[in-house]
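For reference, the structure is listed below as structure tokens.
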Amino acid sequence: MELENYRDLSSSGSSVSSGFQFEFYCTSCSRKWKSPFKPYRMGQLTGFLSRFSFLFGGMNTAARGTAGLTDFGSRGAWEEALAEASRQASALYTLCSVCKKAVCADCLDSSSNTCLPCQKNIALQRSSAAEQEAARQQERSARACPNCGTDHQGGRFCPECGFDMASTHKSCPSCGAMALRQARFCTDCGHSF
């Protein structure tokens, strides 16, 4: 797994302190981990030679020669050090299955292998979808005829049974008393609607 959540802290080139080190971080909470410092011996040797070249005149040419070799081999050594540090960091950081960002164990839901920000987004999307479905159900029930339950596309009367959809009350066919539209029985005579 190639992690991209790092900063390069390496000091390369021809220096006595030449070496490679990387700082990995959680993309959610910014928790950091530094890889162990891996010295770059060719760069350190070049640094020593360039320091001693001032003391001995003939070593100046040797210092320049090793500097060229140092620059030539530093890229491969850097890539090798990064690969090793990345292997060590992969034990501490996991890629989220949704956003593909590296997060620490505290910021990861291990059951779904998603980071906490993605987990919140998924929960919001689910609740939004549930709210939208509830609104659609409510709209369908508002369009349904209270008398026969048939869905209608508007208009004052139900296309199936002829019920007056605009009225808030209905009259009992037996005694003529007025009852709420949702009533199933007449309050005066008990007739079933």
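The values are calculated or read from the model by the stated rules, or taken from the named source; none is laboratory data. Since the model is a prediction, treat every value here as computed from it, not as a measurement. FYI the Cβ positions are ideal-geometry reconstructions off the backbone, even for glycines, and counts take in every protein chain you see.
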Residue 62 - would you say it is in contact with a strand residue (DSSP E or B) (Cβ under 9 Å, 6 or more places away or on another chain) and either crowded, with 19+ Cβ neighbours inside 10 Å or at pLDDT below 90 (or both)?
no
Exception for residue 94 within (1) at pLDDT 80 or above; (2) among the β-branched types (Val, Ile, Thr); (3) farther than 30 Å from residue 106 by Cβ falls at (3)
Taking segment 131-172 and keeping residues aliphatic (A, V, I, L, M), surrounded by 10 or more Cβ atoms within 10 Å (Cβ to Cβ) and outside any helix (DSSP H, G or I) leaves 144, 165
Among the residues in segment 88-111, are any part of a loop (DSSP other than H, G, I, E, B), in contact (Cβ under 8 Å) with a residue 60 or more places away in the chain and either on the phi > 0 side of the Ramachandran plot or of a type in the set (S, T, N, Q) (or both)?
yes
Which ones in segment 79-93 are of a type in the set (A, V, I, L, M), farther than 19 Å from residue 39 by Cβ and surrounded by 12 or more Cβ atoms within 10 Å (Cβ to Cβ)?
89, 92
The lone condition residue 36 fails out of (1) touching a strand residue (DSSP E or B) at 6+ places or on another chain (Cβ under 8 Å); (2) modelled with pLDDT of 90 or more; (3) in a loop (DSSP other than H, G, I, E, B) is (1)
Residue count, segment 87-118, condition among the hydroxyl-bearing types (Ser, Thr, Tyr), assigned by TED's automatic domain parsing to the domain that holds residue 29 and touching a helix residue (DSSP H, G or I) at 6+ places or on another chain (Cβ under 9 Å), comes to 3
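Residues in segment 162-178 that are over 22 Å from residue 151 (Cβ atoms) and under 55 Å from the mean Cα position of the chain (by Cα): how many?
Initial filter on segment 162-178 (over 22 Å from residue 151 (Cβ atoms)): 169, 171-178.
Among the residues that remain, those that are also under 55 Å from the mean Cα position of the chain (by Cα) are: 169.
Number of matching residues: 1.
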